[in-house]
Amino acid sequence: MALNSTLLRVWRSVLAALFGAAACFGVLAITEPPGPGLDPDSMSYLGAAESLVRQGSLRIPMADWSDPDSTSALRHFPPGFPIVIAIPVALGARPEQAARGVEAVSAFAAVALAVWIVAAVTGPGAGALAGAALLATPALALDHARVLSEPLCLALLAATLALMVFSKRPLLYGVAAAAAGLVRYAAVPAGGAAVLWAFGLHGSLRERVRRAALAALPTALLSAAVMLRSLLESGGARGIGLHADLGPTLREAGVTVVAWLAPLVPPRFGGVLLAAMVAGAGIALLLDAASGRPGRPEPTSPARSLLLAAGLLAACYAAFVLASRLFVFDSIPFDDRMLSPVIFLADIAAVAALGSCWRAWARPLRLVAVTCTVLWLTASGFATVRAIEDARDGGWGYAGDAWRGSRLAAWLRAEGRGFEIFSNDPAAVYFATHRASHELPTDATQDVVTEFDHALHARRSLIVGFSTDYDRMIAPDSLAGLLGLRKVAAFPDGAVWVSEPLSPAQLKGSLQQH
């Protein structure tokens, strides 16, 4: 009996390692040149990592037009991901390749832990199914195709889940949850989930409060440190107000959920109905697994603990994101990237529930479950392959052919040296030239334009206007017209204007004309 138990533990670990390796090598494959994909967020992560290695501080290669320095402190994102990227950068790796390696290792950890957890509570078959489901989910694959903090966050959420289920030390899963929040602000509620979990376990009130306090300590300390740093850097906190127009956000969330639950089926051709059916079946499965009926997990079993812990983490994350959308950022998208932690935890919970109920089901119900599972895995796998092929077709974002072959970028690298750059797309400047730049003003009032004119002419400066739709900034050509700047280069993807001093009377006349 002891030998069989040992063999089972070894097989479980081997299975987890195999699926983790598949995820790791899969990430390396989908991020081969022209990958990994790059977007504006990638600039902040990579630039801050480079800055940490070279200067010992987390600064990103962009700043407001009024700042004397063309770099600024990392504020919009937590420091965890850039700090981890900085480790291989300090060893000589290029930033993009360093991030690629971090994401590959994160994929190994996230998938291996998920497989190990599910295999431990319901058996190796369910563990293998969990690995297959995670590898086949398009939202999770696309997270790993770009330089984003989500892969590392998912790995830390998997660690938090494993420790919540198997560890009796609240400080351990409190540390894992706090680390997830240090990588993504949206994952800060994992710390809250750890506290609720510690308090909800059996014991006296005193013991439950002690456990909750231990679980809360890491998140409280790290969050306080990050918040203090942000306040010191920015000089204030973001305002809070009600943004109640949830219609477009909820529609986007619906599209995301339909693409996850009914892959390859367009919403207008039954995708919504099919997704609703799959969601209903999934909810019924989870309720069945948690019901405590004969053949289902015992109230204190690891399988039931896994379902409750995954549900608690997902619920806290979703509630925090919804509250942030309502009261802080009205532009938070409910897309694959934002909802990927919920999808990740739901995949794990659904497979664990299926494995828990399997033995209690009659053969017809098992046949239906196998058929539905195979159909979903097949469709989801095809959707993942198609999404990755589309993402790699010419490269993603700033790693794409259009940006790498940009004549404007080539002009900046050759002719733009020695100039201070003001642009409507600082990320494009960074990835094209590896230089920092200033954003353009967002306000076209006379005072702002006058001050910007002074800032522009205080140094040898260029306005670089990419053919990018940034509604919050003044259009580069309009701004150049207001200031009477001379266009020195024009290309299909943008144009460049050079600063030439105007007299106060000329500037006033230009503003009146516009």
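Can you pull out every residue in segment 452-499 that is among the charged types (D, E, K, R) and within 29 Å of the chain's Cα centre (by Cα)? Let's see the steps before the verdict.
Our first condition is that a residue be among the charged types (D, E, K, R); within segment 452-499, this holds for 453, 459-460, 469, 471-472, 477, 486-487, 493.
Of everything in segment 452-499, those that are among the charged types (D, E, K, R) and within 29 Å of the chain's Cα centre (by Cα) turn out to be 469, 471, 472, 493.
So for segment 402-409 (the condition being touching a helix residue (DSSP H, G or I) at 6+ places or on another chain (Cβ under 6 Å), assigned by TED's automatic domain parsing to the domain that holds residue 494 and on the phi < 0 side of the Ramachandran plot), does at least one residue qualify?
So in segment 402-409, the residues touching a helix residue (DSSP H, G or I) at 6+ places or on another chain (Cβ under 6 Å) come out as 409.
Those still in the list that are assigned by TED's automatic domain parsing to the domain that holds residue 494 too: 409.
So of that shortlist, the ones also on the phi < 0 side of the Ramachandran plot come out as 409.
The answer is yes, given that some residue of segment 402-409 is touching a helix residue (DSSP H, G or I) at 6+ places or on another chain (Cβ under 6 Å), assigned by TED's automatic domain parsing to the domain that holds residue 494 and on the phi < 0 side of the Ramachandran plot.
Tell me the residue from 226, 265 that is surrounded by 17 or more Cβ atoms within 10 Å (Cβ to Cβ), modelled with pLDDT under 90 and not in a helix (DSSP H, G or I), please.
On the way: 226 fails: not in a helix (DSSP H, G or I).
Unique residue meeting the criteria: 265.
Please work out which residue is farthest from residue 255 (Cα to Cα), limiting yourself to segment 343-372 and to residues that are in contact (Cβ under 8 Å) with a residue 24 or more places away in the chain and of a type in the set (Gly, Ala, Ser).
Across segment 343-372, the extreme among qualifying residues is 360.
Give the residues of segment 317-375 that are of a type in the set (Lys, Arg) and either outside any helix (DSSP H, G or I) or at pLDDT 95 or above (or both), sorted by residue number.
The answer is none; no residue qualifies.
Please state which one of 148, 142 is within 14 Å of residue 36 (Cα to Cα) and not in a helix (DSSP H, G or I). Give the derivation first.
Working: 142 fails: not in a helix (DSSP H, G or I).
Step by step, each of 148, 142 is checked, and only 148 is within 14 Å of residue 36 (Cα to Cα) and not in a helix (DSSP H, G or I).
I need the full set of residues from segment 229-259 which are surrounded by 10 or more Cβ atoms within 10 Å (Cβ to Cβ), in a helix (DSSP H, G or I) and at pLDDT 70 or above, in order please.
Matches in segment 229-259: 248, 249, 250, 251, 252, 253, 254, 255, 256, 257, 258, 259.
Being buried (at least 21 other Cβ atoms within 10 Å of the Cβ), assigned by TED's automatic domain parsing to the domain that holds residue 143 and in contact with a Pro (Cβ under 7 Å, 6 or more places away or on another chain) is true for just one of 99, 86, 23. Which residue is that? Give the derivation first.
Values: 86 fails: in contact with a Pro (Cβ under 7 Å, 6 or more places away or on another chain); 23 fails: in contact with a Pro (Cβ under 7 Å, 6 or more places away or on another chain).
Answer to the selection: 99.
Would you confirm, using the coordinates I've provided, whether residue 319 is surrounded by fewer than 19 Cβ atoms within 10 Å (Cβ to Cβ) and out of contact with any helix residue (DSSP H, G or I) (no Cβ under 8 Å at 6 or more places or on another chain)? Before the answer, list the steps.
Details: surrounded by fewer than 19 Cβ atoms within 10 Å (Cβ to Cβ): yes; out of contact with any helix residue (DSSP H, G or I) (no Cβ under 8 Å at 6 or more places or on another chain): no.
No.
Only residues in segment 262-274 that are on the phi > 0 side of the Ramachandran plot count as the first member; pair them with residues that are in a loop (DSSP other than H, G, I, E, B) and at pLDDT 80 or above, Cβ under 9 angstrom, at least 6 apart or cross-chain, and list the lot.
Qualifying pairs under 9 Å: 270/262.
Looking only at segment 43-83, count how many residues are crowded, with 22+ Cβ neighbours inside 10 Å and β-branched (Val, Ile, Thr).
So the count comes out to 1.
Determine if segment 28-41 includes at least one residue that is within 29 Å of residue 455 (Cβ to Cβ), in the same structural domain as residue 139 (by TED's automatic domain parsing) and over 16 Å from the mean Cα position of the chain (by Cα). First the steps, then the outcome.
First pass over segment 28-41, keeping only residues within 29 Å of residue 455 (Cβ to Cβ): 38-41.
With the extra rule that they be in the same structural domain as residue 139 (by TED's automatic domain parsing), the set shrinks to 38-41.
From the residues that got through so far, the ones that are over 16 Å from the mean Cα position of the chain (by Cα) too are none.
No, there is no match, as no residue in segment 28-41 is within 29 Å of residue 455 (Cβ to Cβ), in the same structural domain as residue 139 (by TED's automatic domain parsing) and over 16 Å from the mean Cα position of the chain (by Cα).
Any residue in segment 447-461 that's free of Cβ contacts under 8 Å to residues at least 24 places away in the same chain: show its pairings with residues that are surrounded by 13 or more Cβ atoms within 10 Å (Cβ to Cβ) and assigned to a loop (DSSP other than H, G, I, E, B) at Cβ separation under 6 Å, as long as the two are six or more apart or on different chains.
448/441
Going through 112, 136, 145 one at a time, which residue ends up being touching a Leu at 6+ places or on another chain (Cβ under 9 Å) and either free of Cβ contacts under 8 Å to residues at least 40 places away in the same chain or surrounded by fewer than 24 Cβ atoms within 10 Å (Cβ to Cβ) (or both)? Steps first, please.
On the way: 112 fails: either free of Cβ contacts under 8 Å to residues at least 40 places away in the same chain or surrounded by fewer than 24 Cβ atoms within 10 Å (Cβ to Cβ) (or both); 145 fails: touching a Leu at 6+ places or on another chain (Cβ under 9 Å).
One residue alone meets the criteria, 136.
Got a sec? Which of 181, 174, 127, 123 is assigned by TED's automatic domain parsing to the domain that holds residue 306, surrounded by 23 or more Cβ atoms within 10 Å (Cβ to Cβ) and within 17 Å of residue 350 (Cβ to Cβ)?
On the way: 181 fails: within 17 Å of residue 350 (Cβ to Cβ); 174 fails: within 17 Å of residue 350 (Cβ to Cβ); 123 fails: surrounded by 23 or more Cβ atoms within 10 Å (Cβ to Cβ).
The unique qualifying residue is 127.
Residues in segment 143-168 that are within 18 Å of residue 317 (Cα to Cα), of a type in the set (Gly, Ala, Ser) and over 9 Å from the mean Cα position of the chain (by Cα): how many?
Of the residues in that region, 4 qualify.
The values are calculated or read from the model by the stated rules, or taken from the named source; none is laboratory data. Because the structure is predicted, anything quoted here is derived from the model rather than measured. Here Cβ is always computed from backbone atoms with ideal geometry, including for glycine, and neighbour counts include all displayed protein chains.
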